[in-house]
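To start, the structure under review is shown below, and the notes come after it.
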Amino acid sequence: MGEALVRGLVSSGWATTAELRVVEAVAPRRAELAAALPGLEVVDQAGPAQDVLLAVKPADVENACQELARAAPPRRLLSIAAGVTTATLEAQLPGGTAVVRAMPNTPALVGAGVAALAPGSAAGPGDLDWAEAVLSAVGAVVRVSEPQLDAVTGLSGSGPAYVFLVVEALVEAGVLVGLARQTSEVLATGTVLGAARLLEESGRSAADLRADVTSPGGTTAAGLRELERHGARAAFLEAVAAATARSAELGRG
């Protein structure tokens, strides 16, 4: 995810590779990043920096913050470490550091992500604007209160996996009713992609668009009846609720 954000910042013109520095502890990974993004400074230890994007695993947050504090305390920090609260981050950094916590999702890898961000105790409007500008390089951004980030995790953070499961099921369904697998994959993927684009660009609700394609007594009505009979809607409600609860559990350690 960190690489996706760096690429997004460069491709959007928000920054040049010469204006960014990446800290990566693993030597082969440093070489990969340097080769992929010419002009990018990739180092093994943190140095002075006013603005920091923290993109590490939750278990590595404490060490990363301690290294930052030793190198030169940053003015502000944007963290995409899942489940790590702003209070936890602030406790590892010098007092007054502006911390913003965010939950992006994997479509950021292709510039189509969606992220939510929340401020820590010392983060002001300018810090939120900066964090939003960073995340906007790879998709859409919304602002929420920090307690809502667990719900964001359950919906959009985990959401791509739900969509991938739907596509998997549609592909298998196509094969079941006689389509070649490759044909079914093209149709299923294109259907989901096209439906999402129509939803975004039409400005209409999902319920209205669903009604448009559902003729009384038609094929779509028959299919939707089966989905409702098998509890598809309830399954999605429960999935988001379960993922939200699990995010809260992980945040409590």
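The values are calculated or read from the model by the stated rules, or taken from the named source; none is laboratory data. Keep in mind the model is a prediction, meaning the values are calculated, not measured. Backbone-built Cβ (ideal geometry, glycine too); neighbour counts: all protein chains shown.
Observations on the structure shown:
- Filter result for the condition that a residue is more than 26 Å from Val141 (Cα to Cα) and polar (S, T, N, Q), over Gln45, Gln50: Gln45
- Candidate set from segment 122-140 (those that are under 26 Å from Glu249 (Cβ atoms) and at pLDDT 95 or above); member that is farthest from the chain's Cα centre (by Cα): Ala123
- Condition check for Ala161: surrounded by 14 or more Cβ atoms within 10 Å (Cβ to Cβ) and modelled with pLDDT of 95 or more: no
- In summary, Pro216 fulfils each of the numbered conditions (1) within 25 Å of the chain's Cα centre (by Cα); (2) more than 30 Å from Pro58 (Cα to Cα); (3) of a type outside the set (Asp, Glu) with the single exception of condition (1).
- If you filter segment 123-145 down to residues that are surrounded by fewer than 17 Cβ atoms within 10 Å (Cβ to Cβ) and touching a helix residue (DSSP H, G or I) at 6+ places or on another chain (Cβ under 7 Å), you find that the one that is nearest to Gln50 (Cα to Cα) is Arg143.
- Selection status of Thr106, of a type in the set (Val, Ile, Thr), closer than 25 Å to Ser145 by Cβ, surrounded by 15 or more Cβ atoms within 10 Å (Cβ to Cβ) and free of Cβ contacts under 8 Å to residues at least 40 places away in the same chain: no
- Where a residue in segment 63-88 is in contact (Cβ under 8 Å) with a residue 60 or more places away in the chain and its partner, wherever it lies, is acidic (Asp, Glu), with Cβ under 8 Å and at least six apart: Thr85/Glu146; Thr86/Glu146
- Scanning segment 184-227 for residues that are under 20 Å from Val167 (Cβ atoms) and acidic (Asp, Glu) gives Glu185, Glu200, Glu226.
- Strands (runs of 3 or more DSSP E) fully within segment 1-92 counting 2 or more residues that are surrounded by 20 or more Cβ atoms within 10 Å (Cβ to Cβ): 51-54, 76-79
- Residues located in segment 169-186, provided they are surrounded by 13 or more Cβ atoms within 10 Å (Cβ to Cβ), in contact with a helix residue (DSSP H, G or I) (Cβ under 6 Å, 6 or more places away or on another chain) and farther than 14 Å from Gly223 by Cβ: Val171, Val175, Ser184, Glu185
- Filter result (more than 24 Å from Ala72 (Cα to Cα) and within 25 Å of the chain's Cα centre (by Cα)) within segment 36-49: Ala36, Leu37
- On inspection, Ser145 fails the criterion of being under 27 Å from Ala27 (Cβ atoms) and in contact with a strand residue (DSSP E or B) (Cβ under 8 Å, 6 or more places away or on another chain).
- Test for Gly194: is it under 27 Å from Pro104 (Cβ atoms) and surrounded by 14 or more Cβ atoms within 10 Å (Cβ to Cβ): no
- Helices (runs of 4 or more DSSP H) enclosed by segment 115-186 - at least 1 residues per element that are free of Cβ contacts under 8 Å to residues at least 40 places away in the same chain: 125-136, 159-176
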